[in-house]
1. Does the stretch 216-247 hold any residues that are exposed (fewer than 14 other Cβ atoms within 10 Å of the Cβ) and not β-branched (V, I, T), and which are they?
2. Among the numbered criteria (1) open to solvent by 20 Å² or more (accessible area, probe 1.4 Å); (2) in contact with a strand residue (DSSP E or B) (Cβ under 7 Å, 6 or more places away or on another chain), which one does L308 miss?
3. Looking at the structure I just gave you, is L70 in contact (Cβ under 8 Å) with a residue 12 or more places away in the chain and not basic (K, R)?
4. Given the criteria open to solvent by 60 Å² or more (accessible area, probe 1.4 Å), within 24 Å of W141 (Cβ to Cβ) and modelled with pLDDT of 90 or more, does P210 qualify?
5. Restricting the first residue to the stretch 222-235 and requiring it to be aromatic (F, W, Y), which pairs with a second residue that is buried (at least 16 other Cβ atoms within 10 Å of the Cβ) meet a Cβ separation below 7 Å and a spacing of at least six or different chains?
6. Please tell me if V351 is under 26 Å from G176 (Cβ atoms), free of Cβ contacts under 8 Å to residues at least 60 places away in the same chain, of a type in the set (V, I, T) and open to solvent by 60 Å² or more (accessible area, probe 1.4 Å).
7. Please work out if S63 is out of contact with any His (no Cβ under 7 Å at 6 or more places or on another chain) and surrounded by 14 or more Cβ atoms within 10 Å (Cβ to Cβ).
8. Out of V74, V68, V39, I need the residue that is under 17 Å from T88 (Cα atoms), of a type in the set (A, V, I, L, M) and open to solvent by 50 Å² or more (accessible area, probe 1.4 Å). Which one?
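The values are calculated or read from the model by the stated rules, or taken from the named source; none is laboratory data. All figures in this text were calculated on a predicted structure; none of them were measured in a lab. Every residue, glycine among them, receives a Cβ derived from its backbone with ideal geometry; neighbour counts consider all protein chains shown. Surface accessibility is based on the protein's heavy atoms, side chains included, excluding ligands, DNA and RNA. Shrake-Rupley method; radii C 1.70, N 1.55, O 1.52, S 1.80 Å.
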Amino acid sequence: MSGDGHDAGDRGALGQRLIELVNGYQISAAIGAIARLGVADALAGGPADLNALASRLGADARSLDRVVRLLTDVGLFERLDDGRVGLTALGELLREGVPGSARRGALVVSEEWHWRAYGHLVHSVQSGEPGFRQAHGCGFWDYLEQHPEAGTLINESMAAASSFIASALVRSHEFGSLQRVVDVGGGLGTLMRAVLDANPRAEGVVLDLPGVIGGTRARLEQWGLADRCRAVAGDFLEAVPTGGDAYVLSWILHDFDDDAAVRILSNCRRAMVDSGRLLAIELVAADDRRQLPPAFEWLVRTTDIEMLAVVGGRERTVAEYGELYAKAGLELARVVPLQPSAWSLMEGAPV
């Protein structure tokens, strides 16, 4: 009798946990709504009365209170004894422009056009094709080209992520005598800025699609780097600028299947000087020899599902990247963790 009761209690707890996991999308949606409304930025000066906060943001106070209560439970907000609402350290990261800000990422993940891809995850599992194509009738990159607002949001989100990666890169890698650095798929130039600031004698080239590169040029001008860095429009699946002694691929290869990844690497190999280096920055999956902290492993696994559902790429192990490098005429010489981030730098050299 007691055994049956114990089993029933276990099943009840497990059932409750499963429901929490199933309803996890509600947390994502709530965070996206809070990010869109600018709640965290409105609380930058300190805790506020919720009714006054709702009025300031043009929100219904009762509805805002319901969302804030949920996100208080998961640690983004705190309720003071006088009823005011304030940000926790975690909630601070939803502010725009603060170090480590995740606001732009929260906006992307909670966009309706992004979510629709996950409604076709069964198709992805059955076919290996991204659900995004099933949802929209076109691939992810074609969609961004056809919808400039979505493209702008993606580029801004990637720029925020690049800022974090870039600071880890310049701390962990000595560019030394490398004089001409080509950032392949370099977006708005955030990573290149960090490289050039840390290496005053180096020059740079940022390559990205025509719809992106105008924003890159504007930022290079704003940063005073236009005389040291060119912004070039092009498609790295076709060709990359020649003559570089370092080619950087930051969070690029995981967006593509193996054939396309080898094509990108081969284009870089053909374009680089004989003493050149290929510097790929990626999340690297664990294998029998490489173990990751649990938080990093979770990030790799969830990002891998994003690649499956949305763009059609995948996360890979060091050995798998080594195979791609070899097919492109490169040797994977070393792997450098970009601490304290979850990313690693994989340095390749021409064979």
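1. We begin by selecting, within the stretch 216-247, every residue exposed (fewer than 14 other Cβ atoms within 10 Å of the Cβ); these are 221-222, 224, 227, 237-239, 242-243.
Selection gives E221, Q222, G224, D227, L237, E238, A239, G243.
2. Of (1) open to solvent by 20 Å² or more (accessible area, probe 1.4 Å); (2) in contact with a strand residue (DSSP E or B) (Cβ under 7 Å, 6 or more places away or on another chain), only one is false for L308: (2).
3. Yes, satisfied.
4. On the way: open to solvent by 60 Å² or more (accessible area, probe 1.4 Å): yes; within 24 Å of W141 (Cβ to Cβ): yes; modelled with pLDDT of 90 or more: yes.
Yes.
5. Pairs that qualify, where the first residue is aromatic (F, W, Y) and the partner is buried (at least 16 other Cβ atoms within 10 Å of the Cβ), are W223/R193.
6. On the way: under 26 Å from G176 (Cβ atoms): yes; free of Cβ contacts under 8 Å to residues at least 60 places away in the same chain: yes; of a type in the set (V, I, T): yes; open to solvent by 60 Å² or more (accessible area, probe 1.4 Å): yes.
Yes, satisfied.
7. Numbers: out of contact with any His (no Cβ under 7 Å at 6 or more places or on another chain): yes; surrounded by 14 or more Cβ atoms within 10 Å (Cβ to Cβ): no.
No; evaluated as a whole, the condition is false for this residue.
8. On the way: V68 fails: open to solvent by 50 Å² or more (accessible area, probe 1.4 Å); V39 fails: open to solvent by 50 Å² or more (accessible area, probe 1.4 Å).
Of the residues listed, the single one that is under 17 Å from T88 (Cα atoms), of a type in the set (A, V, I, L, M) and open to solvent by 50 Å² or more (accessible area, probe 1.4 Å) is V74.
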